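The next block holds one structure in the form of structure tokens; read it before the comments.
The values are calculated or read from the model by the stated rules, or taken from the named source; none is laboratory data. Since we're looking at a predicted model, the values are computed, not measured. We place every Cβ from the backbone using ideal geometry, glycine too, and count neighbours over all the protein chains shown. The area values use the complete protein model at the heavy-atom level, side chains included, leaving out ligands, DNA and RNA. Shrake-Rupley method; radii C 1.70, N 1.55, O 1.52, S 1.80 Å.
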Amino acid sequence: MQTKLWIPEDPSNPKDQSIQEASDLLKQHQVVAFPTETVYGLGADATSEAAVAGIFEAKGRPSDNPLIVHVSNRDQVDRLVERIPDVARTLMDAFWPGPLTLIMESNGSAASNVTAGLSTIGIRMPDHPLALALLEAAETPLAAPSANRSGRPSPTKAEHVRQDLDGRVAGILDGGTTGVGLESTVLDCTTEVPVILRPGGITKEQLEEVLPEVAVDPALAAEDDHKPKSPGMKYTHYAPESPLWLVEGDDEFFMEQLEQLKADGKRVGVIASGELAEKLDHQPVIRCGSRENLAEVAVQLYDALREFKRSEVDLILTESFEETGVGAAVMNRLRKASVRVLSSS
Ligand code: TXA
Ligand code: MG
């Protein structure tokens, strides 16, 4: 199929011609990519099984992985869930529109392939004028996973979407680079104490400012131990073209590892903070923000992961970042994306 590319003149106006064209295609149950404040999403009418099937097909996504539903107003939430728990209401007041997905009991109104057969549904209101205008124009909630081919880093630019999905989707709305750079926090609100299932744009610290207690899914901590320690293991998340190796240790340890790999004849690409990059006598290095500003690291991370091509480097070495604030989400993505951890401890 021919993929349309629109740059809306008036991105916050549902009547903008590009947004109208995109929403017309959505009403015809086609699939359209659009920017949110986190990453680009691949949207389809969340109430249509056929439309949602188009998302799974375009991405090559396993059908047992449920999708997030995007809304532009709270009435749309009421129509999708059994009831809104008090804690979810508090969180909507505090963080919507914003990068927080709330898991609630579904009332079955969404297409069954949105929730992958679960009794719950994940919903969020994106904090992006173009996303909100598109939702208004489409007059329906939109199911939208990140707009990458399954297994690839999520797109933070329209160009990333084009790289992955050109010819596979009806259109792409270009809204420039996304502001947060990694996905929303997914929070299960169906339990007594809400549980973070995926760290993201709203930090645990922020949630704790409005909730008495927040838990973290034990599976997230376990991922640490389950990381295959040998290379060549199958990797399926946020994966760059060349294998990513994660270095956990100080700068001296990082430089030792780099020198060793070079001595072994490896072509190594490096992803590093400005602070570490300063110390390296090496090419190629991609600078990914500053240790003093983890939000900046988050914004640049997926772009950095897409930067190195298989033809250029045998492997990519990345430093680790502090796991406070949005650093928790950064490290979650780096652990998932990496095939090997080099640890000094
Ligand atoms: O920032 C974001 O959340 C982006 C933008 C486009 O909004 N979307 C996104 O969607 O990251 P996706 O499909 O790539 O990730 C959805 C995550 C998955 O980890 C999925 O398992 C989880 O949300 N999820 C969705 N519905 C769920 C449910 N009912 N129960 C548990 N997890 C759910
Ligand atoms: Mg994704």
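Stretching the chain fully between Asp64 and Ala116 yields a gain of 18.2 nm (0.36 nm per residue, less the alpha carbon separation). Per residue, the convex hull around the alpha carbon atoms of the stretch 75-175 comes to 123 Å³. Legend: distances between Cα atoms for Lys4/Lys59; Lys4/Lys27; Lys4/Lys336; Lys262/Lys336; Lys309/Lys336; Lys59/Lys266; pairs beyond 23 Å are Lys4/Lys336; Lys262/Lys336; Lys59/Lys266. Extension gain, Thr324 to Lys27: 0.36 nm times the residue separation minus the Cα-Cα distance gives 102.7 nm. Evaluated on the stretch 229-345, the Kirkwood hydrodynamic radius is 14.1 Å, with distances taken between all distinct Cα atoms. A full extension of the chain between Glu136 and Lys266 corresponds to an added length of 41.7 nm, given 0.36 nm per residue minus the alpha carbon distance.
With the simple model of a label 7 Å out from the Cα in the direction of the Cβ, Gln2 to Glu209 spans 4.9 nm. Rounded to the nearest angstrom and listed largest first, the equivalent-ellipsoid semi-axes of the stretch 135-230 from its Cα gyration tensor are 30, 20, 12. Geometric descriptor of the chain, per residue, is 133 Å³ (volume of the convex hull of the Cα atoms).
Carbon and sulfur: what percent of the chain's accessible surface (1.4 Å probe)?
Here it works out to 46 percent.
Quick one: go through the stretch 281-323 and flag any residue whose amide nitrogen is under 16 Å from the point 7 Å out along the Cα-to-Cβ line of Gln163. Counting backbone N atoms under 16 Å from the label point, the list is 285-288, 299-317. Of all DSSP beta bridges confined to the stretch 32-123, the antiparallel ones make up roughly 80%. Compactness ratio for the stretch 1-103: Cα radius of gyration over 2.2 N^0.38 Å (N = residue count) comes to 1.18. The spacing between the stretch 295-345 and the stretch 133-184, judged by their C-alpha centroids, is 21 Å. Placing dummy labels 7 Å off each Cα toward the beta-carbon, the span from Glu278 to Arg74 is 4.8 nm.
A 1.4 Å probe run over the stretch 233-276, with the rest of the protein chains in place, finds 45 Å² accessible per residue.
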